[in-house]
Amino acid sequence: MILDSEFIDLQLEIARQRLHIEDREALVEVLTQDGHDVSDQETILKEQRSELAVKIARMVALIR
């Protein structure tokens, strides 16, 4: 079924993006501790979190 396939694809995409965001958060933390300017990284992280929220909302809509 197309809906099932879309749901599974979305789940995998969300899982990959969550892992990527967690990795970026760890990088930002290390760079911050080392005294680097991480403002650009934080901006990217905010955008990625927003994109993730949209994907999660899309997944919830598929469930309904």
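The values are calculated or read from the model by the stated rules, or taken from the named source; none is laboratory data. Quick caveat, the model's predicted, so the values are computed rather than measured. A quick note on method: Cβ atoms are made from the backbone with ideal geometry, for glycine too, and the neighbour counts reach across all protein chains shown.
So here's what we get for this one:
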read-out	value
Some residue of region 5-20 being of a type in the set (S, T, Y) and more than 17 Å from M59 (Cβ to Cβ)	no
Residue in region 11-30 that is β-branched (V, I, T), at pLDDT 95 or above, touching an Asp or Glu at 6+ places or on another chain (Cβ under 9 Å) and not in a loop (DSSP other than H, G, I, E, B) present	yes
Members of region 31-64 that are among the β-branched types (V, I, T) and surrounded by 11 or more Cβ atoms within 10 Å (Cβ to Cβ)	T32, V38, I44, I56
Residues of region 13-64 that turn out to be within 30 Å of L3 (Cβ to Cβ), free of Cβ contacts under 8 Å to residues at least 40 places away in the same chain, of a type in the set (K, R) and in contact with a helix residue (DSSP H, G or I) (Cβ under 7 Å, 6 or more places away or on another chain), as a count	2
